[in-house]
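**Q** Supplied in structure tokens, the structure appears directly below.
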Amino acid sequence: MLAIDLRNLTKRYGAVTAVNDLTLQVAPGEIIAFLGPNGAGKTTTIDMMLGLARPDIGTVQIYGKTPTEAIARGEIAAVMQTGGLLKDFTVEETVQFTASLYAHSRPSNEVLERAGISHIATRRVGKCSGGEQQRLRFAMALLSDPRLLILDEPTTGMDVEGRREFWTAIREDASRGRTVLFATHYLDEADAYADRIVLIRQGSVVADGTTAEIKNLASGRRVRATIATPNIESLRALSGVTQIEQRGDSLLVSCTNSDVVARYLLTETDARDIEISSQNLEAAFVALTADDATPPTVGARS
């Protein structure tokens, strides 16, 4: 049974089509990065999975159930970016109150420990940092022991160490079979932690595959070299050069023919420390989600 089964979803708000014939299937236990630029339709799609919005066309199933049925059974939970907290409650009181809303829930101390906030259990929510409040939302989402966890910008406000600890906890949960779908603007998180990346643009899926597959869709390579005074005009004249950046004595050349660029740097300049690499996830993201992009969909699941 699929954890997420979205078929031909379309959602309109007046003249605006927020989601356009979107289809997505996710197997149990996968960690999915759900990425796209602002206004791409990520939040609307998540709202439909959580039963907060109804599709105009198409169907949503969570482990074979409607969102309403899945929520009633505690099979789906979410960590949203804002809202849902009472500032005058303590952290522990917030979790205990939320637990009282379920017929069956995990112990409060267990989810506080899992979220890494046991040490601030007696602190009032209003005194918690943004990162601590996000961890509290994570703890609340774990109370029903959901089979599917949806995260919308989950590490907003967390420092580097906090983000690392958060994703370690998520990985441990996924290893026990929990399915995770997360939306984030931190592409390094998607690169490091996702089993699969789904890119959407203008409400539709434009790419779906592993991180390596997505990166391979960004054509070309990047040549990096150390050179004090490069001849930029000569570099621009080389075949296949698409972009040139100079940061101090570091030169970065994006191109479709790295051999030509490397040969020029080695034979015509005093460049050293030359490196050739594939484009990174950020480059793929920009290439595949630009307004005028027409990329093929890769690795589509059905």
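Rule-based calculations on the coordinates, nothing more; no lab input. Model, not experiment: these values are computed from the prediction. Neighbour counts run over all protein chains shown; Cβ positions are idealised from the backbone, glycine included.
**Q** When only C-alpha pairs under 8 Å and at least 6 residues apart count, what is the relative contact order of the range 48-206, in percent?
**A** Relative CO of the range 48-206 lands at 22 percent.
**Q** A further question on this structure: Hey, what do the phi angles of the range 120-132 turn into as Karplus ³J(HN,Hα) couplings, whole Hz, using 6.51/-1.76/1.60 and θ = phi - 60°, x for Gly and Pro?
**A** Here the 3J(HN,Hα) series is 10, 4, 8, 7, 5, 4, x, 9, 7, 6, x, x, 5 Hz.
**Q** Given a Förster distance of 51 angstrom, what is the FRET efficiency for residue 85 paired with residue 249, based on the Cβ-Cβ distance and rounded to 0.05?
**A** 0.55
**Q** To continue, here is another question. For every helix of n ≥ 4 consecutive DSSP H residues, a contribution of -39,500 (n - 2.57) applies; sum these over the chain, divide by its total residues, and give [θ] at 222 nm rounded to the nearest 500 deg cm²/dmol.
**A** Calculated at 222 nm, the ellipticity per residue is -9000 deg cm²/dmol.
**Q** Ranking request for peptides 39-47, 247-255: highest mean number of other beta-carbon atoms within 10 Å first, then the rest in descending order.
**A** 39-47, 247-255
**Q** I've got another one for you. Under 5 Å between amide hydrogens, which residues at least 5 positions from residue 196 or on another chain qualify, with H placed 1.01 Å from N in the peptide plane?
**A** Excluding prolines and chain starts, which carry no amide H, the hits are 31, 33.
**Q** Gap in Å between the Cα centre of the range 15-79 and the Cα centre of the range 84-103?
**A** Value for the Cα centre distance between the two parts: 25 Å.
**Q** Calculate the radius of gyration of the Cα atoms of the chain to one decimal place, then report Dmax, the largest Cα-Cα distance, as a whole number, both in Å.
**A** Radius of gyration, then largest Cα-Cα span, for the chain: 22.7, 74 Å.
**Q** While we're looking at this one, here's another question. What is the extension gain from residue 127 to residue 156, computed as 0.36 nm multiplied by their sequence separation minus the C-alpha to C-alpha distance, in nm to one decimal?
**A** The span from residue 127 to residue 156 would gain 8.8 nm if fully extended.
**Q** What is the spin-label model distance, in nm, from residue 56 to residue 224 if the labels are put 7 Å beyond Cα along the C-beta direction?
**A** It works out to 4.6 nm between the two label points.
**Q** Where q = 0.09, 0.17, 0.19 Å⁻¹, what log10 of I(q)/I(0) comes from the Debye formula for the range 1-158, counting one point per Cα?
**A** After summing over all Cα pairs, the log10 values are -0.32, -1.02, -1.18.
**Q** Within the range 138-192, which trypsin sites (Lys or Arg not before Pro) sit in a loop by DSSP and count at most 15 neighbouring Cβ atoms inside 10 Å?
**A** Answer by residue number: 176.
**Q** What are the ³J(HN,Hα) couplings of the range 280-286, residue after residue, when phi is run through the Karplus curve with 6.51, -1.76, 1.60 and θ = phi - 60°? Round to Hz, x for glycine and proline.
**A** Rounded to whole hertz, the list is 8, 5, 4, 5, 5, 4, 5.
**Q** In nm, what is the difference between 0.36 nm times the number of residues separating residue 278 and residue 242 and their Cα-Cα distance?
**A** 11.5 nm
**Q** Quick one: work out Rg over Rh on the C-alpha atoms of the range 144-302, Rh as Kirkwood radius.
**A** Taking Rh as the inverse mean 1/r over Cα pairs, Rg/Rh reads 1.07.
**Q** For the range 92-108, take each phi angle, set θ = phi - 60°, evaluate the Karplus expression 6.51 cos²θ - 1.76 cosθ + 1.60, and give the result in whole Hz per residue in order, putting x for glycine and proline.
**A** Each residue's phi maps through the Karplus curve to give 5, 4, 4, 5, 5, 5, 5, 4, 5, 7, 9, 5, 9, 8, 6, x, 4 Hz.
**Q** Once you have the Cα-Cα distance between residue 66 and residue 175, take 0.36 nm times their residue separation minus that, and quote the gain in nm to one decimal.
**A** In short, 36.7 nm is gained.
**Q** Let me ask something else. Defining a contact as two alpha carbons under 8 Å apart and six or more residues distant in sequence, what relative contact order in percent does the chain show?
**A** The value is 20 percent.
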